[in-house]
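Trainee: Take this structure, written in structure tokens, and hold onto it; I'll ask about it next.
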Number of protein chains: 4
Amino acid sequence: MRILFLGDIVGNPGRRAAKLFLPELKKEFLPDFVIGNAENAAGGYGLTEKITEELLDLGFDLLTSGNHIWKREFLPYLSKSEKVLRPANYPEEAPGRGHALIEKNGLKLGVINLEGRVFMRPLLCPFRTAERLSKELQKETSCILVDFHAEATSEKIALGWWLDGRVSALLGTHTHVQTADERILPEGTAYISDVGMCGLADGVIGMRREQALEMYLTQVPRKLEVPKSGRVKLEAVFLEIEPQTGRALRIERIRREEC
Amino acid sequence: MRILFLGDIVGNPGRRAAKLFLPELKKEFLPDFVIGNAENAAGGYGLTEKITEELLDLGFDLLTSGNHIWKREFLPYLSKSEKVLRPANYPEEAPGRGHALIEKNGLKLGVINLEGRVFMRPLLCPFRTAERLSKELQKETSCILVDFHAEATSEKIALGWWLDGRVSALLGTHTHVQTADERILPEGTAYISDVGMCGLADGVIGMRREQALEMYLTQVPRKLEVPKSGRVKLEAVFLEIEPQTGRALRIERIRREEC
Amino acid sequence: MRILFLGDIVGNPGRRAAKLFLPELKKEFLPDFVIGNAENAAGGYGLTEKITEELLDLGFDLLTSGNHIWKREFLPYLSKSEKVLRPANYPEEAPGRGHALIEKNGLKLGVINLEGRVFMRPLLCPFRTAERLSKELQKETSCILVDFHAEATSEKIALGWWLDGRVSALLGTHTHVQTADERILPEGTAYISDVGMCGLADGVIGMRREQALEMYLTQVPRKLEVPKSGRVKLEAVFLEIEPQTGRALRIERIRREEC
Amino acid sequence: MRILFLGDIVGNPGRRAAKLFLPELKKEFLPDFVIGNAENAAGGYGLTEKITEELLDLGFDLLTSGNHIWKREFLPYLSKSEKVLRPANYPEEAPGRGHALIEKNGLKLGVINLEGRVFMRPLLCPFRTAERLSKELQKETSCILVDFHAEATSEKIALGWWLDGRVSALLGTHTHVQTADERILPEGTAYISDVGMCGLADGVIGMRREQALEMYLTQVPRKLEVPKSGRVKLEAVFLEIEPQTGRALRIERIRREEC
Ligand SMILES: [Fe+2]
Ligand SMILES: [Fe+2]
Ligand SMILES: [Fe+2]
Ligand SMILES: [Fe+2]
Ligand SMILES: [Fe+2]
Ligand SMILES: [Fe+2]
Ligand SMILES: [Fe+2]
Ligand SMILES: [Fe+2]
């Protein structure tokens, strides 16, 4: 099973990067499934129904998300959508769902979305939630991918070891910086601390850099904007998984930049 | 010198409480100066020009604020206003000013607004800023009041000891809960960890309680609203200061509640 | 039913304050039960077996605790003790227990210890844990007391409203500053945001003030010490509860200071 | 000018990794200067005089550090040492120094150590401190290296843009995970969000993974230990700088793992 997973897609430039590079990446990697984290796809904060559909039209089979998904006006759509996940370790009463089973070409892939708790919200335990949901999905398929949307490297790595041998891949998101630690853990789980982001190549995690600097220098809080124009990049990983066993055979970092 | 200081004024109910109780409090305490923290006066978040003027019309001589003052549209007014302070320990480039000298009835009062750093923003050191500004104001008057807008009791109490004998009063704000630790420190500084709030009596720090509960139960972030109706309360302290020496003679907690 | 509850007992001065003032408080209030938060009773951090026994000898029927209870060497004792609670909303695998039923004079009191999550650890939901345990204890008694060891006023007040009518009292601890907001909520639950502390009267939340200042001024982390000598205070609340219904009839703040 | 910079050296395995791989790296890269972040070199937390000397004997010209450097017993040595930096943006009263000028082979390199403030301590502004110290060092040399010990990618990237053209390199440390975003910014500053770590290859940021998991699962705080044995890795970057202009010519990620 071949999977392409894109890191946090940030605003218009993030969608532009997907549009620009996905066709060639599909040719090169021939993915069975294309997944991306879309928590910042709408103007840098959250998602909308329109942008969800724009992304699905580009060929995404499923969108994951994270702490930024909770825009009020998106909640009705999130509640009913089968194509957008929110982290599974929010309390049950939160709208939306945190895991999915997707099927294509006779292949089944379970996907679990989780959010970290270090420097973030006090959600349900991501370790126990991952354990519970991976067991549930294993009834359907050996191939399971986890998007762990988290800040602290320590929590990400710990969840990697916790899940080694129980899922096919644990891919970190949220920091918007791709890490160089991709590897296949001893029991067959592909791991990377952060896949990175798709969006503005020369901003600050996808935002206007002069606004980020103003914020750091004055400490006056402000909404950072995503500029419409500017050179873009795409960061992703490619995974190859043995369908019968769910073992990862390959994890490869991808970066494409506009000239 | 007689001073009435009102804790965080939260939204419409907070202004209503001020309107309702200020007349009788003025009669009872005969304050030379009336000051209040207005960081939440506009709908629970920040301040506007219109509401500033509404409060000044009620008889406030000066308004202090805190972490919530930074609404984009208020910044031009904040930059030029002499009646609204923002915490003094933001970097110099931040709009607005953090201390003031107010005069009335031949009396001069220096006021310093500061923000804490524990669980809050990494501002300039409130201890050193207080030291520098109190020295500056002491050239004009012995009477100095500090509004320390902070979360952690430890930081508030430490600043109290640091300033004991250098200012007339250190009044905490921000938690919206009045503390019972008012006292005059050995060198003559009146101290209270938190003055409390003016606003909804039966909410959650001034906000709708069902929304606060929803947020705690689901962890889905949301803007909490301040209801227009509902029983209100006012929390404040009354200070009496010896004008020549700046020593506090009296600090008294005040609470008034609507029936 | 008459209950005396002491706020965080901090180090040697905290135990000294209990020793000094408990006899007269017992005479005055004739409590059926005496409870105290002992998370800082041993040198300001945690508890030991010896100090637990010293406190029980003073007449405490039960000790609650909080974030500071987890000293490695105390865990074996905590695991088996029936007299020391740790917050109930730690994962099940954590040593110790979070609720208890105590009996005396033919009276039964359920006690639940909880820890907040705002600015603290990502524990289990204190709202749901309180709901579950209060239902469990209600099978035995209508009289239930909750010690909510938490930082943020908003979380404490929200839990107060959540539990109103379900428990007899929700008493906040952890900030070491007594709040002035004691009240009986409409459905009969006694509430106070923080009971305060027992310990050094002129320190910084019970610790040496020169060390606290050094830490704030240099930002160099250090263990704050509790001095052996120095004037002490005791902060507590007295509760009166109707045994049949569990409704609170009275909540009264107590402070005693050494001259 | 050729520089080898090693990411956080964690405990015994970190020193072992340096001992194991430095000889071959020196042969391959022929560095003029070897620098490393040693904040975790002593048992995972802080540094000692003995271990400082052990590292200097291995060929380090200078050691940088971060939030973990403040072990009480190390402060006297830190105060006088010219070979160990602590972040420069601590208040002046903190022991130790935050920048240095090192010379060898007729080459001069300025080094600045800074600590981030997002999710960390409220230190002095790293942006302004970097500006001030880089100007000071520029009087002596065009070649300046900054170790920015910080958690948040946003703050690291923003400081990179802020310093582009003013220093030769901004190297992030602290997360213990090497990032894949090394580049030379448009004005000639080499940048990487995190250099990574030297130490245990199969732990959790250098610590025992079963202890990290226990901590995440129980939320009971504990000191994580660094095991003496286990496969080690070294993560570092190699920099080439044009001595006259201080412009970076090359930044290259390095990882070496024990078999
Ligand atoms: Fe994101
Ligand atoms: Fe995120
Ligand atoms: Fe406020
Ligand atoms: Fe505030
Ligand atoms: Fe405590
Ligand atoms: Fe505590
Ligand atoms: Fe480190
Ligand atoms: Fe660090």
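What follows draws every value from the coordinates through simple rules; no lab data is involved. No experiment lies behind these values; they were computed from the predicted model shown. No Cβ is skipped: glycine too gets one built from the backbone with ideal geometry, and neighbour counts run over all protein chains shown.
Trainee: On the given criteria, is D:Leu58 more than 16 Å from ligand 8 (Cβ to nearest atom) and in contact with a Ser or Thr (Cβ under 9 Å, 6 or more places away or on another chain)?
Mentor: On the way: more than 16 Å from ligand 8 (Cβ to nearest atom): yes; in contact with a Ser or Thr (Cβ under 9 Å, 6 or more places away or on another chain): no.
Judged against the criteria, D:Leu58 is not a match.
Trainee: Also: Please name all residue pairs, on different chains or six or more residues apart, with Cβ atoms under 8 Å, provided the first residue is in region B:39-61 and is within 17 Å of B:Ala100 (Cβ to Cβ) and among the charged types (D, E, K, R) and the second residue is more than 16 Å from ligand 8 (Cβ to nearest atom) and in a helix (DSSP H, G or I).
Mentor: Filtered contacts from region B:39-61: B:Glu39/B:Asn67; B:Glu39/B:His68; B:Glu39/B:Ile69.
Trainee: Looking only at residues in region B:77-87 that are assigned to a helix (DSSP H, G or I) and touching a residue at least 12 places away in the same chain (Cβ under 8 Å), which one is surrounded by the most Cβ atoms within 10 Å (Cβ to Cβ)? Talk me through it step by step, then tell me what you get.
Mentor: At the first step, the residues of region B:77-87 found to be assigned to a helix (DSSP H, G or I) are B:77-80.
If we keep only those that are touching a residue at least 12 places away in the same chain (Cβ under 8 Å) too, we end up with B:77-79.
On the way: B:Tyr77: 19, B:Leu78: 22, B:Ser79: 12.
Among those that are assigned to a helix (DSSP H, G or I) and touching a residue at least 12 places away in the same chain (Cβ under 8 Å), it is B:Leu78.
Trainee: While we're looking at this one, here's another question. Is it the case that C:Gly44 is crowded, with 23+ Cβ neighbours inside 10 Å and either out of contact with any Asp or Glu (no Cβ under 7 Å at 6 or more places or on another chain) or at positive phi (or both)?
Mentor: Answer is yes for this residue.
Trainee: Looking at region C:182-204 only, could you name the residues that are within 11 Å of chain B (Cβ to nearest Cβ), buried (at least 24 other Cβ atoms within 10 Å of the Cβ) and part of a loop (DSSP other than H, G, I, E, B)?
Mentor: Residues satisfying the conditions are C:Ser193, C:Asp194, C:Val195, C:Gly196, C:Gly203.
Trainee: Here's another thing I want to ask about it. Residues in region D:104-121 that are in contact with a Leu (Cβ under 7 Å, 6 or more places away or on another chain) and within 13 Å of chain B (Cβ to nearest Cβ): how many? Break it down into steps so the answer makes sense when it comes.
Mentor: As a first pass, look at region D:104-121 and keep what is in contact with a Leu (Cβ under 7 Å, 6 or more places away or on another chain): D:108-113, D:115, D:117.
Filter once more, so that each one left must be within 13 Å of chain B (Cβ to nearest Cβ): D:115, D:117.
Selection size over region D:104-121: 2.
Trainee: Mind listing just one residue for me: the one in region B:138-152 that is away from ligand 3 (no atom under 16 Å from the Cβ) and surrounded by 24 or more Cβ atoms within 10 Å (Cβ to Cβ) and, of those, farthest from the other protein chains (Cβ to nearest Cβ)? Step through it out loud before you land on a result.
Mentor: Residues of region B:138-152 that are away from ligand 3 (no atom under 16 Å from the Cβ), as a first pass: B:138-146.
Now narrow it down to the ones that are surrounded by 24 or more Cβ atoms within 10 Å (Cβ to Cβ): B:143-146.
Values: B:Cys143: 24, B:Ile144: 19, B:Leu145: 20, B:Val146: 15 Å.
Filtering first and then ranking leaves B:Cys143.
Trainee: So C:Pro23 ticks every box in (1) surrounded by fewer than 16 Cβ atoms within 10 Å (Cβ to Cβ); (2) under 21 Å from C:Gly96 (Cβ atoms) but one. Which box is left unticked?
Mentor: It is condition (2) that C:Pro23 fails.
Trainee: Among the residues of region D:133-147, are any within 28 Å of A:Glu151 (Cβ to Cβ), among the hydroxyl-bearing types (Ser, Thr, Tyr) and not in a loop (DSSP other than H, G, I, E, B)? Spell out how you get there, then give the answer.
Mentor: Taking region D:133-147 as the starting set, the residues that turn out to be within 28 Å of A:Glu151 (Cβ to Cβ) are D:145-147.
Now restrict to residues that are among the hydroxyl-bearing types (Ser, Thr, Tyr): none.
No, every residue in region D:133-147 fails to be within 28 Å of A:Glu151 (Cβ to Cβ), among the hydroxyl-bearing types (Ser, Thr, Tyr) and not in a loop (DSSP other than H, G, I, E, B).
Trainee: I'm trying to understand the selection: among the residues of region C:143-202, which are among the hydroxyl-bearing types (Ser, Thr, Tyr) and away from ligand 6 (no atom under 13 Å from the Cβ)?
Mentor: Applying the first criterion (among the hydroxyl-bearing types (Ser, Thr, Tyr)) to region C:143-202 yields C:153-154, C:168, C:173, C:175, C:179, C:189, C:191, C:193.
If the condition is that a residue be among the hydroxyl-bearing types (Ser, Thr, Tyr) and away from ligand 6 (no atom under 13 Å from the Cβ), then C:Thr153, C:Ser154, C:Ser168, C:Thr179, C:Thr189, C:Tyr191, C:Ser193 are the ones that fit.
Trainee: Suppose we keep only residues that are under 26 Å from the mean Cα position of the chain (by Cα) and within 12 Å of chain B (Cβ to nearest Cβ) within region A:212-224. Which one would you say is nearest to A:Leu249 (Cα to Cα)? Even if it seems obvious, please write down each step before you answer.
Mentor: Step one: of region A:212-224, the residues under 26 Å from the mean Cα position of the chain (by Cα) are A:212, A:222-224.
Now drop any that are not within 12 Å of chain B (Cβ to nearest Cβ), which leaves A:222-223.
Values: A:Arg222: 44, A:Lys223: 42 Å.
My answer is A:Lys223.
Trainee: Between D:Leu170, D:Leu163, D:Leu145, which is in contact (Cβ under 8 Å) with a residue 12 or more places away in the chain and either over 16 Å from the mean Cα position of the chain (by Cα) or within 16 Å of ligand 4 (Cβ to nearest atom) (or both)? Please lay out each step first, then the result.
Mentor: Values: D:Leu170 fails: either over 16 Å from the mean Cα position of the chain (by Cα) or within 16 Å of ligand 4 (Cβ to nearest atom) (or both); D:Leu145 fails: either over 16 Å from the mean Cα position of the chain (by Cα) or within 16 Å of ligand 4 (Cβ to nearest atom) (or both).
That would be D:Leu163, the only listed residue that is in contact (Cβ under 8 Å) with a residue 12 or more places away in the chain and either over 16 Å from the mean Cα position of the chain (by Cα) or within 16 Å of ligand 4 (Cβ to nearest atom) (or both).
Trainee: Are any residues in region D:26-41 within 16 Å of ligand 7 (Cβ to nearest atom) and surrounded by fewer than 18 Cβ atoms within 10 Å (Cβ to Cβ), and if so, which ones? If you could, list the steps in order and put the result at the bottom.
Mentor: Taking region D:26-41 as the starting set, the residues that turn out to be within 16 Å of ligand 7 (Cβ to nearest atom) are D:35-41.
Of everything in region D:26-41, nothing turns out to be within 16 Å of ligand 7 (Cβ to nearest atom) and surrounded by fewer than 18 Cβ atoms within 10 Å (Cβ to Cβ).
Trainee: Please verify whether D:Leu170 is closer than 26 Å to D:Ala41 by Cβ and more than 12 Å from every other protein chain (Cβ to nearest Cβ), treating the condition exactly as stated.
Mentor: Working: closer than 26 Å to D:Ala41 by Cβ: yes; more than 12 Å from every other protein chain (Cβ to nearest Cβ): yes.
Spelling it out, D:Leu170 is indeed closer than 26 Å to D:Ala41 by Cβ and more than 12 Å from every other protein chain (Cβ to nearest Cβ).
Trainee: Restricting to region A:225-239, what's the tally of residues that are in contact with a Gly (Cβ under 9 Å, 6 or more places away or on another chain) and either away from chain B (no Cβ under 14 Å) or closer than 23 Å to A:Ala152 by Cα (or both)?
Mentor: Residues meeting the conditions: 10.
Trainee: Still on this structure, I have one more. Is it true that some residue in region A:51-64 is within 16 Å of ligand 2 (Cβ to nearest atom), crowded, with 16+ Cβ neighbours inside 10 Å, closer than 25 Å to A:Leu4 by Cβ and within 12 Å of another protein chain (Cβ to nearest Cβ)?
Mentor: Scanning region A:51-64 turns up no residue that is within 16 Å of ligand 2 (Cβ to nearest atom), crowded, with 16+ Cβ neighbours inside 10 Å, closer than 25 Å to A:Leu4 by Cβ and within 12 Å of another protein chain (Cβ to nearest Cβ).
Trainee: Tell me which residues, restricted to region D:147-176, are within 12 Å of ligand 8 (Cβ to nearest atom) and not charged (D, E, K, R).
Mentor: Just the residues of region D:147-176 that are within 12 Å of ligand 8 (Cβ to nearest atom), to begin with: D:147-151, D:172-176.
Answer for region D:147-176, where residues must be within 12 Å of ligand 8 (Cβ to nearest atom) and not charged (D, E, K, R): D:Phe148, D:His149, D:Ala150, D:Gly172, D:Thr173, D:His174, D:Thr175, D:His176.
Trainee: In region D:122-131, what residues are within 14 Å of chain B (Cβ to nearest Cβ) and either part of a helix (DSSP H, G or I) or in contact with an Asp or Glu (Cβ under 8 Å, 6 or more places away or on another chain) (or both)?
Mentor: D:Leu123, D:Pro126, D:Phe127, D:Arg128, D:Thr129, D:Glu131
Trainee: Ok, one more. Taking the options D:Ala41, D:Ala100, D:Ala18, name whichever one is farther than 30 Å from A:Pro221 by Cβ, part of a loop (DSSP other than H, G, I, E, B), under 15 Å from the mean Cα position of the chain (by Cα) and away from chain B (no Cβ under 14 Å). Quick ask: steps written out before the conclusion?
Mentor: Details: D:Ala100 fails: part of a loop (DSSP other than H, G, I, E, B); D:Ala18 fails: part of a loop (DSSP other than H, G, I, E, B).
When all the criteria are applied, what remains is D:Ala41.
Trainee: Taking D:Pro243 and the conditions (1) in contact (Cβ under 8 Å) with a residue 40 or more places away in the chain; (2) part of a loop (DSSP other than H, G, I, E, B); (3) within 16 Å of ligand 7 (Cβ to nearest atom); (4) under 28 Å from D:Ala158 (Cα atoms), which numbered condition does it fall short on, given that it satisfies the others?
Mentor: (3)
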